[in-house]
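Note sheet for the following structure.
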Amino acid sequence: MTREDLKNWYEINDYIFFDLETTGFSYSKGCKIIEIAAYRMQYGKPIDKFVTLVNPNIHIPDKLTEEVHHISDDMVKWKDPIEVVMPKFLQFIGQLPLISHNIKFDYGSFIKPLMKDLYNCELNNITLCTLEASKVLAKGTKHKLDDMYTFCTGKEPRCEHRAEADVAMGVEVANAIQQFVRVNYTAIYNSLSK
């Protein structure tokens, strides 16, 4: 986490928390988005949401369907492809800051290269990561989303591993991080390198 990230965590009151489910780990290696979920948050409360399955036009690996997200080919075969979904997602997010639990995966491995492929451009949205922030702020605990959800809320995680369930947990983690940052801003700021 940089001092600029810390400042953004402190100041942002209107943002998008999003999560993806995919057919693998990297768009550049042929993997596709199969689900997008995003909540628009204002002052810690969800005010709108965007949730959709996406037809990847390729087979979803059986192992992922059975062991991870349980999204099958049958569930997505009548859904719109990413070329139709992406403009709707972009309209939903606008220029708002984007937060995810592992922004390097959701944004860096999928949204960013997809934008280059589809539109030959990059988004200018501020991006923040609850995973990166938790590694700086919550030392001595595990940092997976489920673990951070329990750490921040004291509640058992929703074990669905679907995009909307992850977003619902992620916004609570983001709220907890933001509250912690706002109370401890000066001390955290002084502990970070420029």
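The values are calculated or read from the model by the stated rules, or taken from the named source; none is laboratory data. Fair warning: this is a prediction, and the values are worked out from it, not measured in the lab. Don't worry about glycine lacking a Cβ; one is built from the backbone with ideal geometry, like all the others, and counts go over all protein chains shown. Please note that ligands, DNA and RNA were not included when accessible areas were found on the heavy atoms of the full protein model with its side chains. Shrake-Rupley method; radii C 1.70, N 1.55, O 1.52, S 1.80 Å.
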Check your understanding: Among rounded, prolate and oblate, which fits region 79-194 when a ≥ b ≥ c are the square roots of the eigenvalues of its C-alpha gyration tensor, a/c under 1.5 means rounded, and a/b larger than b/c means prolate?
Key -> oblate
Practice item. State the answer as a single residue: which of Trp78, Phe25, Phe151 lies farthest towards the positive end of the charge dipole of the chain, with beta carbon charges of +1 for Lys and Arg and -1 for Asp and Glu, about the Cα centre. Key: Phe151
**Study point:** Per residue accessible area of region 1-136, 1.4 Å probe, in Å²
**Key:** 50
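Determine the gain in length on full extension of the stretch Asn124-Gln42; use 0.36 nm per residue of separation and subtract their C-alpha separation, reporting nm with one decimal.
Details: separation 82, 0.36 × 82 = 29.52 nm, distance 1.99 nm.
Roughly 27.5 nm would be gained on extension.
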Review point. Tell me, which longest segment in the chain has none of the chymotrypsin sites (Phe, Trp or Tyr not before Pro) that fall in DSSP loops with at most 14 further Cβ atoms within 10 Å?
Key: 79-194
Revision key, fill the gap. Expressed in nanometres to one decimal, the distance between label points 7 Å along Cα→Cβ at Ile58 and Glu83 is 1.6
Check your understanding: Using alpha carbon centroids, what distance separates region 149-178 and region 11-47, in Å?
Key -> 13
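For the chain, what is the mean residue ellipticity at 222 nm derived from helices alone (per DSSP H run of n ≥ 4: -39500 (n - 2.57); sum divided by total residues; nearest 500 deg cm²/dmol)? Mind dumping the intermediate values first?
Values: 8 runs with 85 residues, N = 194.
The per-residue figure over the chain is -13000 deg cm²/dmol.
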Check your understanding: Name the residues of region 120-151 whose amide N is less than 20 Å from a point 7 angstrom out from the Cα of Gln179 along the C-beta direction?
Key -> 129-151
Review point. Where in region 42-78 does the amide nitrogen come within less than 16 Å of the point 7 Å from the Cα of Arg158, taken along Cα to Cβ?
Key: 45-53, 69-71
Check your understanding: Where the accessible area of region 120-188 is counted over protein heavy atoms with a 1.4 Å probe, how much of it, in %, is carbon and sulfur?
Key -> 50
Point to revise | Label corresponding to Rg and Dmax of the Cα atoms in Å when calculated from the structure given, among [x] 16.7, 52; [y] 46.1, 156; [z] 21.7, 82 | key: [x]
